[in-house]
1. What ranking do 170-177, 419-426 get when scored by the average of other Cβ atoms within 10 Å per residue, highest first?
2. Would you work out if the range 393-448 is rounded, prolate or oblate? Take a ≥ b ≥ c from the square roots of the eigenvalues of the alpha-carbon gyration tensor; rounded if a/c is under 1.5, else prolate when a/b is larger than b/c, oblate otherwise.
3. So how many Lys-Lys pairs in the chain land under 27 Å Cα to Cα, not counting same-chain pairs under 8 apart?
4. For LYS296, what charge total do you get from the other residues with a beta carbon under 11 Å from its beta carbon, if Lys and Arg give +1 and Asp and Glu give -1?
5. Using a Gaussian network for the chain with springs between C-alpha atoms less than 10 Å apart, which of these wobbles most: TRP67, TRP201, TRP136?
6. Can you pull out the GluC sites (Glu not before Pro) in the range 95-125 whose DSSP state is coil and whose Cβ has at most 16 other Cβ atoms within 10 Å?
7. Quick check: net charge around VAL403, other residues with Cβ under 10 Å of its Cβ, Lys/Arg +1 and Asp/Glu -1?
8. Tell me which of VAL422, ALA341, GLY253 sits at the most positive position along the dipole axis of the chain, charges placed on C-beta atoms (Lys, Arg +1; Asp, Glu -1).
Amino acid sequence: MVGLLRGLLAVVLCVGSVTTVVAHDEHEHDHLPKLSWPDALYQPTPFPDRICLSITADAAHEIAVTWRTAVATEATLLEIAVAEGGPDFVGKATRLEGTSSLLTTDLGEARYHEAHARELQPATRYLYRVGDGEHWSEWCQTETAATDTSPFVFVYFGDAQNDVRSHWSRVVRNAFRDAPKAAFFLHAGDLINRAESDREWGEWFSASGFIHRTIPAIATPGNHEMARGDDGGRRVSRHWRPTFAFPVQGPAGLEETCYAIDYQGARIVSLNSNQQIEEQTAWLKEVLSDDSPTWKIVTFHHPVFSSAKGRDNQELREAWQPLFDELGVDLVLQGHDHTYARSPQLTFQPGSLEEVNLAVGKQREQSGAGTVYVVSVSGPKMYDLEPQPVMDNWATRTQLYQVISVEPERIAYRALNAIGDVHDAFRLEKTAEGGTRLVNEVERPVGL
């Protein structure tokens with residue numbers, strides 16, 4: 001026993017001496033940002049971190065990956081090989097070069113890297129790693145899209161925003177547990193709370209762990225990804241484009257926030273509901289006028305039908321909803337209101353939200369017409385819900401993620417809470433007449 005106590009005392013003295021050394025060494029690095037211990041966790045090193053796959057315009061033949069390192073790391077290398085059941089793929093890997101740029105944040109400076117692998121085989125598993133030739137990530141596995149209308153699954157998240165590392169982590173990890181082979185994870189804005197907070201972007205990656213290294217992201221910016229620009233106007237966070245590698249499409253000034261992709265029979269469109277609404281309206285009409293996709297899915301941040309008390313985005317609704325009707329949009333995925341609300345199939349009605357609610361009863365009797373609108377929240381920040389006739393299902397003070405299965409003849413949708421229990425479920429089915437029918441799979445909540 002005496003020997004054990006002496007050993008413990010030695011450990012305590014050793015730890016104390018290390019702490020003293022660190023305290024003295026602080027004065028030798030006055031040129032570095034003064035960081036609290038939590039902020040120090042998010043400093044870059046020579047090893048790649050914040051590795052993220054982004055969806056591309058040609059997901060069947062291309063992958064795009066971004067990552068971060070310390071400033072001194074200049075080489076940007078991507079190695080990729082067709083996945084095999086053993087380690088021999090390493091000798092068959094192709095090495096590609098990418099580009100890098102410096103980003104100065106509130107925690108200091110870092111180098112962000114981006115690389116693309118093109119001319120890949122569709123519906124094929126690949127292994128890749130990133131680095132500088134000396135400092136490498138692990139080998140990460142992903143899969144390219146098919147070129148046909150094969151069924152696929154994706155996961156949709158409303159706002160993560162606050163306490164991302166401590167509270168959103170279990171939501172995104174449960175989503176991965178329920179949909180480990182998801183084609184992509186879709187984020188409807190407000191991934192973080194403060195647009196230029198390097199620590200909060202670090203928390204987003206800490207919460208999701210390896211997931212975004214293997215499952216591509218689709219993301220649209222929320223108001224909390226917007227910051228004040230040098231001209232006094234609003235601009236997307238300086239972290240956005242270094243962090244992701246989305247298609248550069250849409251009107252000028254909206255690069256990597258307004259874009260469209262085709263994925264196995266579905267066209268998914270991201271709109272930036274923070275700015276340039278009129279310009280996006282014209283672009284959207286061009287993008288969705290093509291009837292070749294079986295399904296048309298749109299995501300943006302601010303809801304067409306607000307679910308929190310005292311909110312209404314009438315201007316946005318009047319700009320975009322008639323176009324959704326005209327172009328046959330099936331499903332719209334949104335965030336912002338920190339509640340859950342899901343509509344029946346709705347077509348445009350002019351006026352305020354109160355006036356729209358008066359007309360909803362008649363629309364419920366229609367079949368095969370209109371768009372389903374969803375608002376959801378995945379983080380812990382909650383608002384007061386205002387249940388309305390425009391909603392078929394709702395929830396308050398509930399963190400949710402949505403697992404959405406897409407097939408040529410149907411979309412199956414499930415909203416699950418943070419412990420994996422189903423809160424809402426429905427199907428969208430193609431009819432013989434060419435329309436789409438909504439089939440509810442849970443009872444409408446009581447209280448409206």
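1. Per-residue mean Cβ counts within 10 Å order the peptides as 170-177, 419-426.
2. Taking the square roots of the gyration eigenvalues as a ≥ b ≥ c, the range 393-448 is oblate.
3. 10
4. -3
5. In this elastic network of the chain, the residue with the biggest mean-square fluctuation among TRP67, TRP201, TRP136 is TRP136.
6. GLU119
7. 0
8. The Cα lying farthest towards the positive end belongs to VAL422.
Readers should treat all values here as calculations from the given coordinates under stated rules, not as data from a laboratory. This structure is a prediction, so every number in the text was calculated from the model and none was measured. Ideal geometry is used to build each Cβ from the backbone, glycine not excepted, and the neighbour counts take in all protein chains shown.
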